[in-house]
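> Submitted below is the structure of interest, expressed as C-alpha cells.
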Amino acid sequence: MTSAHINMWNNNTVVNNTSTQNNINQNNKTVTLGVTSPISTAAPKPDDLQRTKELEKVLRDFGLFESDEELAHRMEVLSKINQLVKQWIRDISIKKNMPPNVAETVGGKIYTFGSYRLGVHTKGADIDTLCVAPRHVERSDFFTSFVELLRKQPEVQDLRAVEEAYVPVIKMTFDGIELDMLFARLALKDIPENQDLRDVSLLKNLDHKCVRSLNGCRVTDEILHLVPNRESFRLALRSIKLWAKRHGVYSNVLGYLGGVSWAMLVARTCQLYPNATASTLVHKFFLVFSQWPWPKPVLLKQPEENKLNFEVWDPRVNIGDRFHLMPIITPAYPQQNSTFNVSLSTRTILQTSFKNGLAISDDILHGRCEWTKLFEPENFFTKYKHYIVLTATAPTKKEHLEWYGLVESKIRILITHLERHPSIELAHVNPQTYTPIDADPDVHQSMWYMGLKFNKSENINVDLTHDIQQFSDSLTRQASSNNVYKKGMKIETKHVRRKELSKYIPAHLLGKSKKKDKTSITNSTLASASNNKNSKFNDSNGIEQKTPESSQLNDSDASSSSTGSTTKKRPLDENGSPTAKRQSIELDTTTVFDTSLRTLTQKDIQLPFLESKENDSATEDSQTCIILSPDDNSVDDETKKELQECSEDKSNTELPTSLDSCGDNAVDASETQFNSVDSSSDLLSAGYLRVKVLWTPRVPALMKRILKTTKAFKILCIFKYIFLNSFHER
C-alpha cells in the first residue's frame, strides 16, 4: 500500500498551479487531458451513437431530467438567495461603520458547486451553494445575523446551522428546494461579479475552514475544465450515479463514494477515451475501475506544488495517507483524498459492483440485454443471513434531524470495529434508512441495516458486545460534547436473522427467498435410486472404481444425484421431526451386500471419512454445527432392543490383536466396541448414533455409509455377524 502511494509521487513531476497537461495529438488533432496519454482516440461508430440515444431514453424514463419549469424554479430560488446575501452583506457593512455608498459596492455572491454546477442534478436534488463575502465579514456574522435573516423568510423551512462541523454549513429548504450553504471570506475588500475562484492566490491569508469551503467550487470547476467533451461526460455521469444509487454504493459518509468521487472517476474515463460517446464511456468506466490496482491513486492532473503550506495529500510526508485504501485525489490545490472514509468492506463491495457492472455492460454492447438491466437493484435483504439493526430515536422532528446526522456520520466507525473482529469477513451497511413497521407516532425513528458475512470456520461463537458498546459510548460522548444530545435521544442495536426481517421490513422489500425443497422423496424415487446404485456395482467389470472424493457421499446424496439434483439434501420423513432429517434412505441391501462383499478390495474403502456431513450452517459461509433437540420417540422399542442385544454380544466378543494395525487405514479395534448398554441408550436418546467400523477388506464403503446413518439399526446385527465371521476366518 505504502509503496504504491509513494511510487506515484516519485514518478509524477510537480508542475506549477497554472499548468494543465494539454497535449495535441498531431494525427487527429484530439486534445488529451490528464496524467497519461489516452488509451483510445477512436471516433464513435453509428452503433455507439444509437446506444447513447437508447441510454438517454432510459435515463429520462427514470425521471433524471428536470423540466423547463423546474429548472426555472431553481434559478428563481438561487436568485432570491443571492439577493438576500447582498442585502445581508450591505447591512453588516453599514453596522461596521462603512459608508452606505461604499457598502453598496462591496458585493458578495452565491456560487454553486456539486451536481448542480456539473449539470447532472436530478429531480428533487439539493443545491450546494457557497456564500463568498469580503474580508470585513466574519463567519460568526454568517451563523448569527444571516441565520436570523433566513428565519424571517416565509420560504425557509427546516433551517439548521452546523457551525462546529469540519466544513461549517447551513442546511435549509427554500421554497421546496433543499440548500446547503457554506461560507468563505476572501482577503479582498470587495467581491466582483466575475470573480474566478480557481485562482490559487485567493487562498492566501485564509483560515482552513474557508479553504475547505472554497474547495468544493474549485474542484467542480477544475473537473469541468479537465474533460474533453462535457456533454458526453454529463450523460455518462448521470448513468453512473443512477447505477451507484440503485446498487447501494452512493454515500460518502458511510464509506462508499460521494458525488464528487464518482464525478472524478467518470472524468478520468473521459480523459482515457476523449472521443467516446456516453454509452461507450459507461462500459469503459467499469472496464477501467474493475481492474484498477488500488490503492494506486486516481489523478486528473499532476499535483501542484505546495507553495502556501496547506496540508495536501502526500503519502511521502503524511503517514496517515499511506493507509488510504481507495484514494481519489481532487484536482484543485490543496489536493485532498475524497474517499478517506472507505474501509476494507466498502472497497470490497465497490470492487464487486464494478465487476458486476462490467459483465452487464458487456451484455448490453453485444445486444444480449437492455440498459434497464444495468439499473436493476440487488435485494440487500437476501444477501446475508445475519444483520445488525441500528435504530436512532429522538422525541421531536428537529432533534431527530440532528441526531440522525450524527449517528450516520459515525456508522463507518462501527463498520471498522466489526471488520477487526476475527470471525467477520465483511460488514455491509445499506445506505438507505427505514422506519419501523409499528412505529410509535410520538417519537421519530430511523433504522440502518448492516449485513454480516462470517469467515468459514466451524462452531463459531461471535460476541460483538464490546464493539457495539464502544460505538455507543463514543457516539454519546461526542453528542454531549457538541451539545447535540437531548433527553429522549437513544441508539439501539439488535441482531436479526434473515428469517426475522419480516418483523422490521415490509414484505415487498424482502423479496422471495429461494427455500430448499424439503418435501419427502417418494417411494418410487427411492426404488429408482436403489436400482441405479445396484446397476453400478453389477457392471461388466464387477465394480465401479471410485476416488476418495467421489466415495464420500451418503445415501441421500447418491439418491439426489441419481434423480438429477445438483444440491445435496437429506431425505425427510413424513413426520418432519428433527431426528427424521437424519434418517437414511432404505435400500434393498441384500443385493448390495452380496455383490459388494465379493468384489470390493482394500483400495475401495475410504477411512476415516465414513459420512458426508450436511452443511447446516448458522451463517452463510461458516460451518457452524447446529445440535438438534433429542427425540426419543423417533426410535421404536424394537429397534432399541435389537441394538442393545447387538451391543451385549459385541462386548463379549474378543477381537484378534493382530488386526489392531493394518497399515495406514488401520483403526484401533477397541473403537468398534460399545462400552455398555447405557452408552447405547445415551446415543439413542440423543436421536442419532455414530459407529466407527473396524477396517476389513470385505467391508465395502457403501455398507459403512449405511452404517453411519440413523435408521440403520436393524442391520447392525447383520454387520456384527459379517465382522465376526471375517475375524474368525482370518
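> What does the charge count near residue 87 come to, summing +1 for each Lys or Arg and -1 for each Asp or Glu among other residues with Cβ under 14 Å from its Cβ? Numbers along the way, then the final one.
Details: positive: 80, 86, 90, 95, 109, 152; negative: 91, 104, 141, 148.
It works out to a net charge of +2.
> So how far apart, in nm, are the two label points at residue 305 and residue 480 if each is 7 Å from Cα heading toward Cβ?
Using points 7 Å along Cα→Cβ, the separation is 5.1 nm.
> Here's a follow-up. Reported to two decimal places, what Rg/Rh ratio describes region 160-278 when computed on Cα atoms with Rh from the Kirkwood expression?
On the way: Rg = 16.8 Å, Rh = 16.6 Å.
Result: Rg/Rh = 1.01.
> Can you tell me the length gained on complete extension of the stretch residue 396 to residue 366, counting 0.36 nm per residue apart and subtracting the Cα distance?
Separation in residues times 0.36 nm, less the Cα-Cα distance, equals 5.5 nm.
> Here's another thing I want to ask about it. Whole number in Å², please: accessible area per residue of region 362-442, 1.4 Å probe, ligands, DNA and RNA not counted.
Per-residue accessible area for region 362-442 comes out at 47 Å².
> Using a probe of 1.4 angstrom, how much of the accessible area of region 200-302 is carbon and sulfur, in percent?
47 percent
> Please tell me which of these pairs span more than 29 angstrom C-alpha to C-alpha: 57/410; 123/397; 189/410?
Beyond 29 Å between Cα atoms: 57/410; 189/410.
> Additional query: Give the distance, in whole Å, between the Cα centre of region 206-249 and the Cα centre of region 432-481.
Region 206-249 and region 432-481 have Cα centres separated by 32 Å.
> Another one. Could you size up the charge dipole of region 71-195 around its Cα centre, putting +1 on the beta carbon of Lys and Arg and -1 on that of Asp and Glu, and report it in debye to the nearest 20?
Using only the charged Cβ atoms, the result is roughly 280 debye.
> Test of understanding: what is the full-extension gain from residue 420 to residue 323, defined as 0.36 nm times their sequence separation minus their Cα-Cα distance? Mind showing how you got there, number by number?
Values: separation 97, 0.36 × 97 = 34.92 nm, distance 1.53 nm.
That pair, residue 420 and residue 323, stretches by 33.4 nm at full extension.
> Report the FRET efficiency, 1/(1 + (r/R0)^6), for residue 205 and residue 359, where r is their Cβ-Cβ distance and R0 is 60 Å, rounded to 0.05.
That pair, residue 205 with residue 359, gives E of 0.70.
> Any idea what the alpha-carbon Rg over 2.2 N^0.38 Å comes to for region 352-470?
Here the answer is 1.35, to two decimals.
> Still on this structure, I have one more. Net charge within 11 Å of residue 118 by Cβ-Cβ distance, Lys/Arg positive one each and Asp/Glu negative one each, not counting residue 118 itself?
Taking every other residue near residue 118 into account, the sum is +3.
> Okay, moving on. Structure shown: which of 209/487; 245/284; 109/209; 241/355 lie over 21 Å apart, alpha-carbon to alpha-carbon?
209/487
> Another one. Hey, for a label at residue 82 modelled as a point 7 Å past Cα toward Cβ, could you say which residues of region 124-141 have their backbone N under 16 Å away?
Only 127-133 pass the distance filter.
> Binning every alpha carbon pair distance of region 277-414 at 5 Å from zero, what are the percents per bin?
All Cα pairs, binned at 5 Å, distribute as 2, 8, 12, 14, 13, 15, 14, 12, 8, 3, 1 percent.
> What's the extension gain from residue 173 to residue 443 if we count 0.36 nm per residue and subtract their Cα-Cα distance?
Working: separation 270, 0.36 × 270 = 97.20 nm, distance 2.25 nm.
Difference between extended and current length: 94.9 nm.
> Can you give the FRET efficiency for residue 60 and residue 158, using 1/(1 + (r/R0)^6), R0 = 41 Å, r = Cβ-Cβ distance, to the nearest 0.05?
For residue 60 and residue 158, the calculated efficiency is 0.85.
> In what sequence, highest mean first, do 233-246, 51-64 appear when ranked by Cβ atoms within 10 angstrom?
Top of the packing list down: 233-246, 51-64.
The values are calculated or read from the model by the stated rules, or taken from the named source; none is laboratory data. Only a predicted model underlies this, so the values are computations on that prediction, with no experimental measurement involved. Neighbour counts are summed over all protein chains in view; Cβ atoms, including those assigned to glycine, are modelled from backbone coordinates with ideal geometry. For the accessible areas, the whole protein counts, side chains as well, though only heavy atoms, and no ligand, DNA or RNA atoms are used. Shrake-Rupley method; radii C 1.70, N 1.55, O 1.52, S 1.80 Å.
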